[in-house]
Structures are given as C-alpha cells and as structure tokens.
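Every number here is computed from the coordinates shown, using simple stated rules; none is lab data. Nothing here was measured: the structure is a model prediction, and the numbers come from that model. Because the Cβ atoms are built from the backbone with ideal geometry, glycine has one as well, and the counts that use them run over all protein chains shown.
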Amino acid sequence: MDRRIRSIARDVWIILAATTLVLSACSHATGPTPTDGGKNLETPAASPPTGTTPSPADASPSPAGETPTPKVQESVAATPATVRFFGRTYADKDFHYFNWPASGFEFTFWGTRAEATFMTSETQKPERFPRLAVFVDGSLEPDAGTLLVIRPGVTDYVLAEGLPGGVHSIRVIKLSGNFIGGNINEDKSLTCTVGVGRLTCPDGRLLAPPAAPQRRLEFIGDSITVGMGILGEGGLEADDAWRTYAAYTARQFGADLQVLAISGMGLISSLFGGPFIQLPDEFPYTDNLNRPRMAWDPSAYVPQVVVVNLGTNDAAGVGDGKRFTTGEFEDAYLAFLLDIRDAYPGVRVVGTLGAMSTGRLHLYPWVENAVARANDAAGETFAFALELIEDQAGDGVGGGGHPSGKAHIRHGEALTALVASITGWEPAA
C-alpha cells in the first residue's frame, strides 16, 4: 500500500523479531508559519509569573457586561474537568495521552496568552516526533492551523500569544498516527505517544471546557484514514490526518470525530499478506498499541455513524493462492459490522472501499455482500456500502501511491452526501 513499506516487505516474514516497518504516520499541516509574534511554537515557553491557581469558582466567566479581572494562573492540570478531550485518550500519571490520529483537546480561557506542557515517548528521530495543529478562535480548516512539533522531554510550548484581552478558544489536533513504524533494531518503539500535562494562562484564567458537539462520527481504517502521503512525497511530513476524507466529513457536519486507523493493517490481513494488527481486535480497547488491554467504554462516546474503510491492505492476503479466501474476508467483515452495532445502540455503519484499488484485488463486492448479510441478520437496515472511485488521472497521486489531498476532498464529498441521506443531517453553517 505504500512504496516506502513495500521496499522492505520481503524481509518481514524471515526474521519477525527484526521486522522493519516504515509505516509513516506522523505528519504536518501546511498552515501559517509556526510563529506568533516572532516566537516559534517549537520553542519552549518562558516561565510564567508566579501566581495563584483559581478555585473552580474562580474559573467561571464574569457576569455578562462585566470585564473579568485578570488573575495570574501558574498552571492547571489538563484533565477532563479543565479541557475537553476527543478521540480515545487516557491518563497516566501527570499526563493525558491522545495518540490516535485526529485526536486531541480543546479549552477556553480569558487572557492574551496560553501555554501547554507536553511530552512524547519518541526521543531519537526528529521525523518521528508527534505533529500537532493548533487552532485559535475560529476556522478549523486545515490551512488555519499552526504546526507544533513536540520534541523529547517534558517541555512547555506557547499555543497562542499576543491576543486581545478577552475570551479565546484553542483546539489542538494530532496530525500524526500512534503507529509510525521504524526499524525494530534501531528504534525503541514502533509507536509514538504524546501527552499534555498542564495548561498555563500567564495573564488570565481557564474557563469551563467547551461542550461536545451533538453529532458524532467514528472512522476505522488504515493509512488512507491516517492521511499518509496526502501532501505528496516527503516521508512523515507528507502525512496529515486533518486533511483526510474523514476529517472533511466531520467538518461539514460540525461533528466530533474519533479515529482508529493504523497504517499497513486491515480487517484480517496486513499489507504483508498475513495477520499482524487487525483493526477489529483493536476496537474494544482505548489504545492497545500503547496501553495493552485497557478496555474502552463504548458508552463514553456513542457515534451516530461509524465508517469502516478496510480491505485495501487485506488484498495482499486475500484471494486465490493467498492466506485467506474472499469468503473468509466477507465473514469477518459481517462479524465486525455486527460487533459495532452491538457496541453502539442505534448506530448506522458505512462500509467503504476503493480509494486506493489500482493494482490489487478490489474487495468491494464482498463488502457489499457483508453489508447485505448484516442487515438481514439485524432485521433492519443499519449498514450501508459506498464505493470510493479512484481517479488518479484527475486527482493526482499522493505519496507512496496514496490518495492526494484532492482525492480525499472528493471522497469526503461522496461520504458527506451519504451520511446526510441516512441521518437527515444538514451541513453545519
């Protein structure tokens, strides 16, 4: 599925312990230059003035018509009580981790400047460092975000400064994936974690966290959903989860977005022609790659629509003379659709495939069969199929043969139309 991965695939099954995976997932946004008032967002923040941490009562806005009195706030722990997290996240000691692509957090504050303390598990290679996008007061379109690269160690970063005094909102979105690959002989881990520890408003105060959107989407996929190569060739810097068809669809509806996507993996087979990490096995957990066996509570986030985009990598292991038959793929797809329905009462599920079908067995007909069988088994129409039509001539090609940014927008438009038809949602203003 990715030429960077294919170049080393021949060694995978020879020495499994030394498997080399170059599954690029960390990414960047091509938004404004990562500076604000001359300060590079990748530079540690200056120490804030000493002050007092407000009580919860202090953290509420002043009554309407009154100007809040600035209170120096040294720092406040980033927890669900102070910020809104989105995606499958978890807390560990003094940090809250958001490792999946397109996961993150948002908060509201009064003041002119906001800072955050981050840490990452990646300590060796700059191209593997987590990449985030920071959005301040307004548009969530990809170009409106400012790139923030998280470097080793526990470090403070400026999220915004030089703002007019008043109420502001900040959203931080992870552009990179949590499974970035590498060389198992050189890299300590094939995953990449990032956590936020504290938030600081040096001349203001944190306010109540924003409310969550009423519309909720979940996407389950592979490197296409991660956003691999979406900006073209260029390694990890060409990946961007906030420019994918999934993020596009969420933005059209003003919906919350939760993504479970792992490059090179599939429903029953990986890119390498056999089982490795299967997404249905990851579905019951918060982040099984980084916190093994930590169960995910499905009631914590109940999406109205789940989109499954799996089968591209499975083609390497499904078909005549391969590890699995097409019938086994179809049966596994059926079982996964029913598992999703059991987890989320009233959910609608879209099975989609085709964005990267050139040169491989196109398994979409078996996706359609699984959808029909799932509806028969459930006694209701809860599952739908959508073929994403590849058009490399018209859209161009992204890095490693992946869909380009233009292709993602076109696929997002097709998916938006289907979601609108099955939910009755109108695009957000």
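I need the Debye-formula profile for segment 76-176: one equal scatterer per C-alpha, no solvent, reported as log10 I(q)/I(0) at q = 0.15 1/Å, two decimals.
For segment 76-176, the Cα-only Debye profile gives -0.60.
With 10 angstrom as the radius, rank Trp425, Trp242, Trp110 by how many other C-beta atoms surround their C-beta, starting from the fewest. Working shown, then result.
Details: Trp425 17, Trp242 28, Trp110 23.
Arranged by neighbour count, lowest to highest, Trp425, Trp242, Trp110 become Trp425, Trp110, Trp242.
Ala160's amide H: which non-local residues (gap 5+, or another chain) put their own amide H closer than 5 Å, with H modeled 1.01 Å from N in plane and none for Pro or chain starts?
Ala114
Starting from one equal scatterer on each C-alpha and no solvent at all, send me the Debye-based log10 I(q)/I(0) for segment 101-144 at q = 0.18, 0.24, 0.29 Å⁻¹, two decimals.
Listed by q, the Debye log ratios stand at -0.76, -1.10, -1.26.
Largest first and in whole Å, what are the equivalent-ellipsoid semi-axes of segment 351-426 based on the Cα gyration tensor, each being the root of 5 times an eigenvalue?
Values: eigenvalues 137, 59, 8 Å².
Working through the eigenvalues yields semi-axes of 26, 17, 7 Å.
With a/c under 1.5 counting as rounded, go ahead and sort segment 303-429 into rounded, prolate or oblate using the C-alpha gyration tensor (a ≥ b ≥ c being the square roots of the eigenvalues; past the cut-off, prolate if a/b is larger than b/c, else oblate). Don't skip to the answer; put the middle values down first.
Numbers: a/c = 2.48, a/b = 1.07, b/c = 2.33.
Note, shape of segment 303-429 comes out oblate.
Apply the Debye scattering formula to segment 142-294, with a single equal point scatterer on each alpha-carbon and no solvent, then give log10 I(q)/I(0) at q = 0.14, 0.17 Å⁻¹.
For segment 142-294 at q = 0.14, 0.17 Å⁻¹, log10 I(q)/I(0) is -0.88, -1.25.
Taking the Cα centre as origin and putting +1 on Lys and Arg beta-carbons and -1 on Asp and Glu beta-carbons, what dipole magnitude results for segment 213-423, to the nearest 20 debye?
On the way: 14 positive and 26 negative charges, 61 e Å.
Approximately 300 debye in magnitude.
Give me the tail of P(r) for segment 235-276 as a percent: Cα-Cα pairs with distance above 12 Å.
Numbers: 586 of 861 pairs.
Every Cα pair in segment 235-276 considered, those over 12 Å come to 68 percent.
Please give the Cα centre distance for segment 212-287 versus segment 95-122, rounded to the nearest Å.
If you average the Cα positions of each part, the centres end up 20 Å apart.
Using 0.36 nm per residue of separation minus the Cα-Cα distance, give me the extension gain between Lys322 and Lys125 in nm, one decimal. Could you put the intermediate results ahead of the total?
On the way: separation 197, 0.36 × 197 = 70.92 nm, distance 3.62 nm.
Length gained between Lys322 and Lys125: 67.3 nm.
Around Gln258, which amide H atoms from residues at least 5 apart in sequence, or from another chain, sit under 5 Å from its own amide H, with H modelled in the peptide plane?
Those lying under 5 Å, H to H, from Gln258 are Leu217, Glu218, Phe219.
In debye, nearest 20, what is the charge dipole magnitude of segment 282-377 about its Cα centre with +1 on Lys and Arg Cβ and -1 on Asp and Glu Cβ, if you could check? The partial results should precede the final answer.
On the way: 8 positive and 12 negative charges, 39 e Å.
Charge dipole of segment 282-377: 180 debye, to the nearest 20.
Which residue, Gly273, Leu260, Ala316, has the largest displacement toward the positive end of the dipole of segment 213-423 when charges sit on each Cβ (Lys, Arg +1; Asp, Glu -1)?
Leu260
Rounded, prolate or oblate, given the Cα gyration tensor of segment 213-423, with a/c below 1.5 counting as rounded? Intermediate results must be reported in sequence, preceding the final value.
Numbers: a/c = 1.29, a/b = 1.10, b/c = 1.18.
Rounded.
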